[in-house]
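To keep things clear, I will list the structure first and then write my remarks on it.
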Amino acid sequence: MKKIILAGFGYLGKFIEQQADFNEKKVLYKLSRNPGKHRNGFGNHVEVDFDKEKFDITEIVGESTIIYMTPPNKDRDGDPRLENFLNNIKNSNLERIVYISTSGVYGDCGGLSVTEDAELKPLTDRAKKRVIAEKMVMKHSAVCNTNYVILRVPGIYGMGRLPLSKVREREPLIIKDECKITNLINVEDLARVVWRVIKDNIKNEIINVSDGTPITSTEYYLKIYDELEIEYPPFIKMKEAGKYYSEERMSFMSESRILDVTKMNRLFGDCIKYSNISDGIKRSLS
């Protein structure tokens, strides 16, 4: 098996690593700024600072698939971190780069279903950076004669990533009738999708990824309350939410869409084990 590079080893990377079999772990390379944090895992650890102007990983990257999971710089326009990374690997004979993007690139769709061909209308700064990043990945693939896959991913939840502090603090929830529809994916399901992209040799595709069960954020929180058997918190109107929620959270809640995952289901729908979000929450609490 050819090398698999996890570029930016964080939350998702840990679950991708956990699902690797013995032979896959031998060809797994984890690139991060602080590799010492992950020494108890498997694979090969390589210290790389993507923000440095020059670094040499040509030998590692050659004839590999890269899973790029590093977020853009928060304090700079566009994604100079990704641009720098691509510049440093342009002569490495890379086989494929899998870019983990966000479904936020579609912006607010008024609760309508969106396919991968929908117009990109990002509203948040984070989503605008991802649109720029997607274009960079595709341009790099064209110029360097390599392949790409872009996964447009919604909110990720899973073990260690449930909003338990907000639940324990009984933060108010927006009344159901005013809360907009969104999409989620369990991190284990997303890791399975990534592995199938690698194993099925998927090339030059943009793919929406979600559990296929659109839900409002209020419904999501209530399912957590139900699982924990905790009394529901107060409910508020959307116009009051700014008193309690961060500006970033409010920006997310201003968008509404349903991801069309027809392509995902056709290619690897059997990867989704937690289409019932209650089951996913139970797993996340186990």
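The values are calculated or read from the model by the stated rules, or taken from the named source; none is laboratory data. Computed from a predicted structure; not experimentally measured. All Cβ positions, even for glycine, are placed from backbone atoms using ideal geometry, and neighbour counts span all protein chains on display.
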Does Ala118 meet the test of being without any contact (Cβ under 8 Å) to a residue 24 or more places away in the chain, in a loop (DSSP other than H, G, I, E, B), surrounded by fewer than 20 Cβ atoms within 10 Å (Cβ to Cβ) and of a type in the set (Gly, Ala, Ser)? yes
So which residues in the stretch 87-115 are surrounded by 22 or more Cβ atoms within 10 Å (Cβ to Cβ) and within 18 Å of Lys54 (Cα to Cα)? Ile89, Leu94
Which condition number does Tyr99 fail, the rest of (1) in a helix (DSSP H, G or I); (2) modelled with pLDDT of 95 or more being met? (1)
Scan of the stretch 169-189 for residues that are touching a residue at least 40 places away in the same chain (Cβ under 8 Å) and over 22 Å from Ser256 (Cβ atoms), ordered by number: Arg170, Val187, Glu188, Asp189
If I go through the stretch 85-96 residue by residue, how many of them are within 17 Å of Tyr148 (Cβ to Cβ) and either in contact with a helix residue (DSSP H, G or I) (Cβ under 6 Å, 6 or more places away or on another chain) or assigned to a loop (DSSP other than H, G, I, E, B) (or both)? 7
Considering each residue of the stretch 250-278, count those that are under 21 Å from Ile224 (Cα atoms) and either aromatic (Phe, Trp, Tyr) or surrounded by fewer than 14 Cβ atoms within 10 Å (Cβ to Cβ) (or both), and give that number. 5
State which residue pairs qualify: first residue on the phi > 0 side of the Ramachandran plot and inside the stretch 199-220, second residue in a loop (DSSP other than H, G, I, E, B) in any location, beta carbons under 6 Å apart, and separation of 6 or more residues or different chains. Gly212/Val261; Gly212/Ser275
Residue under evaluation Asn265, criteria (1) among the polar types (S, T, N, Q); (2) assigned to a helix (DSSP H, G or I); (3) under 16 Å from Gly155 (Cα atoms), criterion not met: (3)
Being charged (D, E, K, R) and either farther than 24 Å from Leu267 by Cα or touching a Leu at 6+ places or on another chain (Cβ under 7 Å) (or both) is the requirement here; does Asp117 meet it? no
Strands (runs of 3 or more DSSP E) fully within the stretch 1-84 counting 1 or more residues that are surrounded by 15 or more Cβ atoms within 10 Å (Cβ to Cβ) and at pLDDT below 90: 28-32, 44-47
Kindly indicate whether Glu219 is modelled with pLDDT of 90 or more, under 25 Å from Met159 (Cα atoms) and more than 28 Å from the chain's Cα centre (by Cα). no
